[in-house]
Protein chains: 2
Amino acid sequence: VRSEDSLTAWIASRTAADRPDGLLVGIGDDAAALSFPAGMAVLVSADSMVEGVHFSFGHASPAQVGRKAVAVNVSDMAACGGRGRFITCQIGIPRRIGEEVVRACLQGVIDAARDFGMALVGGNISSTEGPCFIDVTILGEAAPDRILTRRGARPGDLVVVSGRPGESAAGLRLLQAGNASDDPSSARVIARHLDPEPRQPLGLAAAEMGVARAAIDISDGLALDLHRLCRASGMGARLDRASLPVSTDLAAAARRLGIDPVDLLLHGGEDYELILAVPSDRAGELSALANAARVVLTVIGRFAEGSGLTLADGQEERNLSPTGWDHLA
Amino acid sequence: VRSEDSLTAWIASRTAADRPDGLLVGIGDDAAALSFPAGMAVLVSADSMVEGVHFSFGHASPAQVGRKAVAVNVSDMAACGGRGRFITCQIGIPRRIGEEVVRACLQGVIDAARDFGMALVGGNISSTEGPCFIDVTILGEAAPDRILTRRGARPGDLVVVSGRPGESAAGLRLLQAGNASDDPSSARVIARHLDPEPRQPLGLAAAEMGVARAAIDISDGLALDLHRLCRASGMGARLDRASLPVSTDLAAAARRLGIDPVDLLLHGGEDYELILAVPSDRAGELSALANAARVVLTVIGRFAEGSGLTLADGQEERNLSPTGWDHLA
């Protein structure tokens, strides 16, 4: 019989082998009880994934949907220099979705939590007459004096971005255009969209080395999220078009789609890369940071007095609109 | 212009005056950072409210919806003997809902958090093509050795219930039948549905006095939630029909609806009352507990060896089906 209690019991059975440090009371009670090390700050963040907005069961497997719901939250922890410890998962289940799909999705959540060094400790199951939604709340920890926030960038600091922004948006557009992953390059950018790799090692290493004054993760587009970091820091930023890390795969996908790869890179979103504000006298440490975090880091510009973003292209410099994904626009 | 950032800024402005203890980083960053007192366990729980399932904007004001989304989570904290400290709120907003409705709803969340001694510290805004949903995650605290769980009830322990279960379900049915609150009694039970009062003082006092061996809150119906407590404790329970606290208002509403008030009391749900397992030698402390928590407490039966629930009615005793609200049934 399909019931909340049977699904909860199944979840409890799938997580019973996890005995994470600090778990006092786990799944199956009114609340989970957790113990954090003395002196550590508790970080909390939450992100929703809504069917038809953030994902489609036509493009992603249920396990990929569950995994991504966790990964986007780990990305928030990374942006704060914190380490995820526990998650709760709240799922809204439409009647048309079978129990096996729900279980595969939750198994994706459970597996991803484990892969990222965390445990699923609670949540909620609800029905819905609309699209499926999965809300994950993540609890992490960080030393209070090492928390990275969006405030703190100063004029002259380097704008550093990790990895290959734009590929996720290219992958989404290939999926939407009905392009199967029929060549390795397309397959890679599609995988970047369906299975993003949050930069937790980078966030931890940046906080540990004290090399960044501010950070944010890119969920809604590099330009928009950089704008948010700038606004929180009371800064502007000037980017250099020639420095933007247009990858070979991004260029190939953009060519196939007939769009400018730089547009995808700046305004695409769902990259889950990090933007760091790095003092210019710490630039020499960037390669050590990149090695420690096993990710490419690219200096794409500098923070500057004032507000707003500009993009320099050779001798020309134009205002860069902080547009990206906005749920309410 | 309607945008996520403008709504986030509005939320930040509405909570700026709150300076809760332990808040290191609040709304507007990738994660909130919180400090808990050394030695306290962090309790975390989450509940979703979905339009068309848990609420209707035709019955409840947006502020009531927001308030209830918080209250049901406070109820989970109460059931664990904990005190809510912080919440995050994840909201899914359909295009048809105007900004003023969203703001009123979020103001309800913010006001309720404050009324319950907590602060809103983060969350997420998403669009949805389906019904509105509001997920609240609550972080609370409790001394690790005083956490109440569902495990621990023993044979002979008293089954104690707070307040007036059944009234909320009666209020919902009056609303669904199109009965306005045209008399004071109906108005009271409707208010019990739209604006439940979680029993945080009771949970705290019960944990403080050490008078309960186990506890659960009633979200899906007294019989179903008691069954859950019994299962977790490896117990059964025997209830006494004559002891069930059928209130005057519940009786009046049930008469008007043409249904048995005891059915509403046992299987209605959304009561957000607590069920406590109290050793019989502590029965003498129940009136002090009730006074401390300012709530009526009623002994409705006893826990017993075995499993399953029975309902005694004079000389007769029948099995009591643990039915109630199930999202997946």
Specify the residue that is farthest from the other protein chains (Cβ to nearest Cβ); the eligible residues are those in the range A:1-30 that are in contact with a strand residue (DSSP E or B) (Cβ under 9 Å, 6 or more places away or on another chain) and part of a helix (DSSP H, G or I).
A:Arg14
So which pairs qualify, if the first residue must be in the range B:135-159 and under 23 Å from B:Arg231 (Cβ atoms), the second must be open to solvent by 10 Å² or more (accessible area, probe 1.4 Å) and of a type in the set (Ser, Thr, Tyr), the Cβ gap must be under 8 Å, and the two must be at least 6 apart or on different chains?
B:Arg150/B:Ser233; B:Arg151/B:Ser233; B:Gly152/B:Ser233; B:Ala153/B:Ser233; B:Arg154/B:Ser233; B:Gly156/B:Ser280; B:Asp157/B:Ser280; B:Leu158/B:Ser280
Considering every residue within the range A:309-324, establish whether at least one is free of Cβ contacts under 8 Å to residues at least 24 places away in the same chain and under 18 Å from A:Ile218 (Cβ atoms).
no
Within the range B:285-320, count every residue that is more than 24 Å from B:Ala206 (Cβ to Cβ), open to solvent by less than 60 Å² (accessible area, probe 1.4 Å) and not in a strand (DSSP E or B).
1
Give the residues of the range B:180-207 that are farther than 30 Å from B:Arg282 by Cα and either hydrophobic (A, V, I, L, M, F, W, C) or open to solvent by 40 Å² or more (accessible area, probe 1.4 Å) (or both), sorted by residue number.
B:Ala180, B:Ser181, B:Asp182, B:Asp183, B:Pro184, B:Ala187, B:Arg188, B:Val189, B:Ile190, B:Ala191, B:Leu194, B:Asp195
Residue selected from the range A:31-40 under the condition within 8 Å of another protein chain (Cβ to nearest Cβ) and touching a strand residue (DSSP E or B) at 6+ places or on another chain (Cβ under 8 Å), by the criterion surrounded by the most Cβ atoms within 10 Å (Cβ to Cβ):
A:Ala31
One residue from A:Leu226, A:Leu244, A:Leu239 being crowded, with 19+ Cβ neighbours inside 10 Å, in contact (Cβ under 8 Å) with a residue 40 or more places away in the chain and within 19 Å of the chain's Cα centre (by Cα):
A:Leu226
Looking only at the range B:308-329, how many residues end up being within 14 Å of chain A (Cβ to nearest Cβ) and of a type outside the set (Asp, Glu)?
8
When the range B:149-179 is checked residue by residue, the ones that are small (Gly, Ala, Ser) and either out of contact with any Asp or Glu (no Cβ under 8 Å at 6 or more places or on another chain) or surrounded by fewer than 16 Cβ atoms within 10 Å (Cβ to Cβ) (or both) are B:Gly152, B:Ala153, B:Gly156, B:Gly171, B:Ala177, B:Gly178
Residue list for the range B:69-80, filter: open to solvent by less than 10 Å² (accessible area, probe 1.4 Å) and in contact with a strand residue (DSSP E or B) (Cβ under 7 Å, 6 or more places away or on another chain):
B:Ala69, B:Val70, B:Val72, B:Asn73, B:Val74, B:Ser75, B:Met77, B:Ala78, B:Ala79, B:Cys80
Would you pick out the residues in the range B:42-63 that are open to solvent by less than 20 Å² (accessible area, probe 1.4 Å), facing another protein chain (nearest Cβ under 7 Å) and not hydroxyl-bearing (Ser, Thr, Tyr)?
B:Val42, B:Leu43, B:Val44, B:Ala46, B:Val50
Please go through the range B:120-137 and give me each residue that is under 20 Å from B:Val44 (Cα atoms) and facing chain A (nearest Cβ under 8 Å), ordered by number.
B:Val121, B:Gly122, B:Gly123, B:Asn124, B:Phe133, B:Asp135, B:Thr137
For the range A:78-119, give me each residue that is over 17 Å from A:Ala60 (Cα atoms), of a type in the set (Gly, Ala, Ser) and within 13 Å of another protein chain (Cβ to nearest Cβ).
A:Ala78, A:Ala79, A:Gly81, A:Gly82, A:Gly84, A:Gly92, A:Ala119
State the number of residues belonging to the range A:75-99 that are of a type in the set (Asp, Glu) and modelled with pLDDT of 95 or more.
1
Could you tell me whether B:Gly66 is under 14 Å from the mean Cα position of the chain (by Cα), closer than 18 Å to B:Thr8 by Cα and more than 8 Å from chain A (Cβ to nearest Cβ)?
yes
Quick check: is even one residue across the range B:312-325 of a type in the set (Phe, Trp, Tyr), in contact with a Leu (Cβ under 8 Å, 6 or more places away or on another chain) and within 24 Å of B:Met235 (Cα to Cα)?
yes
Taking the range B:110-140 and keeping only residues that are within 17 Å of B:Ser35 (Cβ to Cβ) and surrounded by fewer than 22 Cβ atoms within 10 Å (Cβ to Cβ), one is left with B:Gly117
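The values are calculated or read from the model by the stated rules, or taken from the named source; none is laboratory data. This is a predicted model, so every value here is computed, not measured. Heads up, the Cβs are rebuilt from the backbone with ideal geometry, glycines too, and the neighbour counts pull from every protein chain shown. When the accessible area is computed, the model is the full protein with side chains, heavy atoms only, and any ligands, DNA or RNA have been set aside. Shrake-Rupley method; radii C 1.70, N 1.55, O 1.52, S 1.80 Å.
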